[in-house]
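Participant: This is the structure I want to talk about, given as structure tokens.
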Amino acid sequence: MKLMKPFGKQFNLTTGVIDGADNHWTRYLKEMRGMYQDREVLNEIMNSDNPLIYEVYEVSVPEEAGQLIQCTSIIYPGKIGKEYYMTKGHYHKKKSCAEVYLCFSGQGYVLLQTEDGECETVEMKKEAFVYVPPYWAHRTINVGKEPLVFTGVYPAEAGHNYGSIEKVGFAKIIVEEQGKPVIKRNPNFKVK
Ligand code: M6P
Ligand code: ZN
């Protein structure tokens, strides 16, 4: 059997950039416009701008059982109306796969949800270590004034399933009220 060679990569803990990352992708508002609740503000912003919401650097390995993918995400500070910038959110295609996050800097939350509509939030801040158990959809939200920078590690066979959670949406949203993040019920959540 031909074995893979070990390797190391250099992370910048402030910017989240991985030197020599194999993949790098960016998510602009246009690609996730259906996910924010304030349609009026969204359309207003989209008329003149298409802001960068977050980007991801990834170290790719063969997508096979036993391998682990490591990536960093950088979610920029900002809001669409009262709702903070966030990731799209996904289930794993292989639902039994878990994921771990380690936060380098910034302030935020991981919003998690099961197919039964159970919903949880876990705080993200410098040095927070968050466990995303199997079967939970997960989205990360930046509620601070600085970029939220974190690394994630998950099985290479996990895959991303965006469609299932996109269809129903997350049951909770995180909005700014009187200068503070508040977790609220999503008025557009489609109960099964
Ligand atoms: C984390 C990980 C990645 C994910 C990224 C962005 O770093 O969970 O797997 O791609 O966040 O989130 P999303 O894929 O939901 O846009
Ligand atoms: Zn994931």
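Participant: Mind listing whichever residues of the stretch 57-98 are hydrophobic (A, V, I, L, M, F, W, C) and closer than 12 Å to Y28 by Cα? So that I can check it myself, show each step before the final result.
Facilitator: Going residue by residue through the stretch 57-98, those that are hydrophobic (A, V, I, L, M, F, W, C) are 59, 61, 65, 68-69, 71, 74-75, 80, 86, 97-98.
Those that are hydrophobic (A, V, I, L, M, F, W, C) and closer than 12 Å to Y28 by Cα: I75, M86.
Participant: Here's something else I'd like to know. Are any of the residues in the stretch 151-158 farther than 19 Å from P77 by Cβ and of a type in the set (D, E, K, R)?
Facilitator: Yes, the conditions are met somewhere in the stretch 151-158.
Participant: Turning to a different aspect of this structure: Looking at this structure, is I74 among the β-branched types (V, I, T) and more than 13 Å from the chain's Cα centre (by Cα)?
Facilitator: Values: among the β-branched types (V, I, T): yes; more than 13 Å from the chain's Cα centre (by Cα): no.
Answer is no for this residue.
Participant: Quickly run through the stretch 151-192 and pick out the residues that are within 16 Å of ligand 1 (Cβ to nearest atom), among the hydrophobic types (A, V, I, L, M, F, W, C) and out of contact with any Phe, Trp or Tyr (no Cβ under 9 Å at 6 or more places or on another chain).
Facilitator: Correct list: A156, A158.
Participant: Return the residue satisfying two criteria in turn: it lies in the stretch 132-191 and is free of Cβ contacts under 8 Å to residues at least 40 places away in the same chain and assigned to a strand (DSSP E or B), and of such residues it is surrounded by the fewest Cβ atoms within 10 Å (Cβ to Cβ).
Facilitator: K180
Participant: Looking at (1) away from ligand 1 (no atom under 14 Å from the Cβ); (2) touching a Pro at 6+ places or on another chain (Cβ under 6 Å), find the lone condition where G66 falls short.
Facilitator: (2)
Participant: Residues of the stretch 56-102 being among the small types (G, A, S) and touching a His at 6+ places or on another chain (Cβ under 9 Å), which ones? Before the answer, list the steps.
Facilitator: Keep residues of the stretch 56-102 that are among the small types (G, A, S), which gives 60, 65-66, 73, 78, 81, 89, 96, 98.
Answer for the stretch 56-102, where residues must be among the small types (G, A, S) and touching a His at 6+ places or on another chain (Cβ under 9 Å): G89, A98.
Participant: Against the definition (over 16 Å from the mean Cα position of the chain (by Cα) and more than 13 Å from ligand 2 (Cβ to nearest atom)), how does S96 come out, yes or no?
Facilitator: Judged against the criteria, S96 is not a match.
Each value in this text was obtained by applying a stated rule to the coordinates, not by laboratory testing. Quick caveat: nothing in here was measured; it's all calculated off a predicted structure. We place every Cβ from the backbone using ideal geometry, glycine too, and count neighbours over all the protein chains shown.
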